[in-house]
Amino acid sequence: MRILVFGAGSLGSLLGGLLARAHDVTLVGRDPHAERVREDGLRVEGEVSAHVEPAAATAVPAERFDLAVVTVKAFDTDAAAAALASVDLDGVLSLQNGLGNEERLADALACPVLAGTCTYGARLRGPGRVDYTGIGEVVLGPPGGGTSSLADRVGTAFDAAGIETTVATDMPRRRWEKLAVNAGINAVTALARVENGALSEGPAGDTARRAAVETAAVARERGIDLSDETAADEVERVADATAANRSSMLQDVDAGDRTEVDAINGAVVERAEEPVPVNETLTALLRAWERERGLR
Ligand SMILES: NC(=O)C1=CN([C@@H]2O[C@H](COP(=O)(O)OP(=O)(O)OC[C@H]3O[C@@H](n4cnc5c(N)ncnc54)[C@H](O)[C@@H]3O)[C@@H](O)[C@H]2O)C=CC1
Ligand SMILES: CC(C)(CO)C(=O)C(=O)O
């Protein structure tokens with residue numbers, strides 16, 4: 001399969017590196033990372049060690065691809081969609097966190113767009129080097145649910161590359177469940193400057209669970225079968241399972257970078273029909289932090 005990975009940072013480089021073991025992969029990212037991959041290949045270290053040599057560029061090549069995997073941060077999705085609009089593609093898969101990415105890609109592109117959630121852990125360590133920090137899985141399928149031959153083909157391709165993959169027919173529920181987890185964990189750990197494990201016993205755990213429960217209520221307003229208990233239990237389960245993690249949003253705050261709060265807690269606030277005070281507060285505080293640093 002000819003696969004384009006658009007947004008070759010941490011997650012895109014890890015998955016692109018794993019996919020390159022079985023497919024013809026082109027990474028689109030930024031220099032110096034893209035340049036080093038062109039010169040010396042890509043080194044995957046951590047849970048798996050590999051040295052692969054995918055093509056790498058800073059702009060989309062004028063070639064045909066069977067699939068584009070989108071792994072830019074949510075606030076870069078519109079630019080990614082604009083860049084992909086000129087590419088001859090059979091399909092697109094978003095593996096981004098947050099809500100709205102698939103819809104924005106589908107609005108801009110003629111080919112089918114698949115939704116995806118990813119619990120692999122990845123961290124770009126320097127040009128040409130990516131750390132595989134946690135084994136997870138990719139779940140993918142049509143954004144509105146149901147089956148598709150594209151989803152089946154992509155699932156087979158990911159399996160062939162040794163990526164733990166589930167082709168799902170209930171992506172709407174899975175996307176909202178992942179959103180509830182991120183709405184609970186990411187913003188709270190970023191503001192408190194704590195690792196995910198601090199939510200299990202500490203005072204911030206209740207805030208995380210309440211943000212997730214608010215998210216579940218908004219999901220039910222939109223016909224998604226997601227209970228308060230499931231949302232709260234998933235926050236606790238994931239926080240325990242990733243206890244030593246600094247969440248991606250905390251890593252963004254650590255680095256002084258823009259966060260994905262608009263696509264996570266902000267997306268809950270934007271879609272809520274009833275007040276969601278915890279998500280409103282988390283969104284406002286992170287936006288204030290970003291504004292203070294000229295990030296928005
Ligand atoms: N890193 C991880 O372990 C996981 C990340 N995610 C999600 O995956 C998405 C990506 O996350 P990360 O890889 O951590 O972010 P990242 O910031 O490391 O990677 C995104 C990359 O896309 C590049 N990019 C953006 N626009 C571009 C353009 N127009 N042309 C070329 N390159 C462009 C950026 O330079 C950056 O290197 C986010 O939505 C994140 O929440 C989900 C699960 C795990
Ligand atoms: C599941 C969790 C919270 C793991 O840290 C994550 O997806 C993230 O950090 O973005």
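The values are calculated or read from the model by the stated rules, or taken from the named source; none is laboratory data. These numbers were taken from a predicted model, which means no experiment stands behind them. Note: ideal-geometry Cβ built from the backbone for every residue, glycine included; neighbour counts use all protein chains shown.
One table, with the values for the structure above:
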quantity: Residue match in region 195-209 (condition: closer than 30 Å to T147 by Cβ and assigned by TED's automatic domain parsing to the domain that holds N279); calculated: no
quantity: Pick from region 155-186, criterion among the hydrophobic types (A, V, I, L, M, F, W, C), within 16 Å of ligand 1 (Cβ to nearest atom) and more than 21 Å from S227 (Cα to Cα), ranking: surrounded by the most Cβ atoms within 10 Å (Cβ to Cβ); calculated: F158
quantity: Subset tally (residues that are more than 14 Å from ligand 2 (Cβ to nearest atom), in contact with a helix residue (DSSP H, G or I) (Cβ under 7 Å, 6 or more places away or on another chain) and in a helix (DSSP H, G or I)) for region 166-190; calculated: 1
quantity: Any hit, region 276-296, residues being under 18 Å from the mean Cα position of the chain (by Cα), on the phi < 0 side of the Ramachandran plot and surrounded by fewer than 16 Cβ atoms within 10 Å (Cβ to Cβ); calculated: no
quantity: Residues of region 225-279 that turn out to be within 14 Å of ligand 2 (Cβ to nearest atom), farther than 16 Å from R291 by Cα and of a type in the set (S, T, Y), as a count; calculated: 3
quantity: Per-region count, region 142-165, residues part of a helix (DSSP H, G or I) and either over 19 Å from the mean Cα position of the chain (by Cα) or closer than 18 Å to V25 by Cβ (or both); calculated: 11
quantity: Any chance R43 is in the same structural domain as D107 (by TED's automatic domain parsing), assigned to a strand (DSSP E or B) and among the charged types (D, E, K, R); calculated: yes
